Amino acid sequence: MSSELLETIVGDAKRIGISGHIHPDGDSVGAVLGCYLYLKNMLPDSEIYPYLEAPGRSFRMLTGIDKIRSDFQFPEEPFDVFISVDCGSRDRLGACEEAFQAAKKTVNIDHHITNTGFADVNHVEAYSSSTCEVLFGLMNPDAIDLPTAEALYIGIMHDTGVFKYSCTSEKTMKIAGYLMSKGIDTADLIDRSFYMKSFTQLKALGFALNKAELVLGGKAIVSILRINDMDKLGITIADTEGIVSELRTTEGVECAVFVREEAPETFKFSLRSNGKVDVSVISSSFDGGGHRMAAGFTAKGELDGILTQLYAMIMLQL
Ligand code: 5GP
Ligand code: MN
């Protein structure tokens, strides 16, 4: 594993691509933006292309967010270097997968325990709270400016549930403290990015909580959101983020499951654990991935059958 600084890993590359994962969460947004802003400062003569599906409203306040390319237009020549951030596997790069593969040098910076090591340079720290925490370790701290600090802070904040999940270490807090010293208005950033919800998001949460059911004798909770429901309520995919974390807070529950119907017979599963169940193992067996306490997968087929299989796997760990 490389422990060189980002600018050293990138070398004299003139054309650099960066991308996070499909359906980006806060860590992906923060990592793509933080990596972009830092490299732009360090390598003013290089062209840097940060790609990601359009970041949600929770990230609009970030300086430089308008530089993210959600059109997935690539230069004609291959990239000298393509950096994947926060992706456990290459297919998670979505629209960037081909451009990544075609790059002269590929870099994989991540913290997923299920990471497949798919690049020329793989820097994976499975016990880091977030990819943004990993990225911080690859940067010269003195060269981090306020916009870069905000991007990294937001990623750490989202992947730790505002410094609360068990992935939050002493090191995480030290890094967050250092980033804070760059001048971040943390109270405002945390509130605007993490706690504030749109009205539809609030409605989506209410709907999903109302539909939730306890299974496995109260040890697991599941809520299913159908395309029909989403259409009726005007809910978008982005509005469903955070629902599974709320399900997890139910007393007595070891594992929370949120299922979103993506297409007929295609379902996106989000899993959260309260400690006993390793949901990354379960998700991996469905060709997904993630972390011990938070993981996910997409499954095709008849929902009842998939749920039966899933409950059996959870039960094995209870
Ligand atoms: P979420 O439930 O918020 O979508 O994802 C939780 C964690 O699991 C994230 O770290 C995410 O990257 C990972 N994850 C979710 N779905 C998938 C998937 O289909 N494949 C892989 N490899 N990881 C996933
Ligand atoms: Mn992450």
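The values are calculated or read from the model by the stated rules, or taken from the named source; none is laboratory data. What you see is a predicted model, and the numbers here were worked out from it, not measured in a lab. Note: ideal-geometry Cβ built from the backbone for every residue, glycine included; neighbour counts use all protein chains shown.
Quick notes on this structure:
- Positions within the range 243-266 being small (Gly, Ala, Ser), within 13 Å of ligand 1 (Cβ to nearest atom) and surrounded by fewer than 21 Cβ atoms within 10 Å (Cβ to Cβ), in sequence order: SER245
- Under the condition of being of a type in the set (Gly, Ala, Ser), more than 19 Å from SER129 (Cβ to Cβ) and touching a helix residue (DSSP H, G or I) at 6+ places or on another chain (Cβ under 9 Å), the residues counted in the range 170-192 number 1.
- Reported count of residues in the range 1-54, each being among the polar types (S, T, N, Q) and within 16 Å of ligand 1 (Cβ to nearest atom), is 2.
- Among the residues of the range 83-98, just one is over 13 Å from LEU52 (Cα atoms) and away from ligand 1 (no atom under 13 Å from the Cβ), namely GLU98.
- Only one of the numbered conditions (1) closer than 23 Å to ILE113 by Cβ; (2) acidic (Asp, Glu); (3) free of Cβ contacts under 8 Å to residues at least 24 places away in the same chain is violated by ASP86, and that is (3).
- Lone qualifier among GLY161, GLY155 - being within 16 Å of ligand 2 (Cβ to nearest atom) and not in a helix (DSSP H, G or I): GLY161
- Considering the range 67-91, and only residues there that are outside any loop (DSSP other than H, G, I, E, B) and buried (at least 24 other Cβ atoms within 10 Å of the Cβ), the residue that is farthest from ligand 2 (Cβ to nearest atom) turns out to be VAL81.
- The residues of the range 278-298 that are surrounded by fewer than 22 Cβ atoms within 10 Å (Cβ to Cβ) and over 16 Å from the mean Cα position of the chain (by Cα), listed by number, are ASP278, VAL281, SER284, SER285, PHE286, ASP287.
- Candidates GLY305, GLY275: the one that is more than 16 Å from ligand 2 (Cβ to nearest atom), assigned to a loop (DSSP other than H, G, I, E, B), surrounded by fewer than 23 Cβ atoms within 10 Å (Cβ to Cβ) and not assigned by TED's automatic domain parsing to the domain that holds ARG92 is GLY275.
- One residue from ALA256, ALA238, ALA295 being outside any helix (DSSP H, G or I), within 23 Å of SER89 (Cα to Cα) and among the aliphatic types (A, V, I, L, M): ALA295
- Any hit, the range 55-66, residues being away from ligand 1 (no atom under 16 Å from the Cβ), surrounded by 18 or more Cβ atoms within 10 Å (Cβ to Cβ), closer than 23 Å to LYS174 by Cα and not basic (Lys, Arg): yes
- Residue that is nearest to the chain's Cα centre (by Cα) [pool: residues in the range 21-54 that are of a type in the set (Ser, Thr, Tyr) and buried (at least 23 other Cβ atoms within 10 Å of the Cβ)]: SER28
- Against the numbered list (1) surrounded by 19 or more Cβ atoms within 10 Å (Cβ to Cβ); (2) away from ligand 1 (no atom under 16 Å from the Cβ), LYS105 comes up short only at (1).
- For the range 129-152, a residue qualifies if it is farther than 24 Å from GLU246 by Cα, of a type outside the set (A, V, I, L, M, F, W, C) and in a helix (DSSP H, G or I), and the qualifying residues are GLU133, PRO141, ASP142, PRO147, THR148, GLU150.
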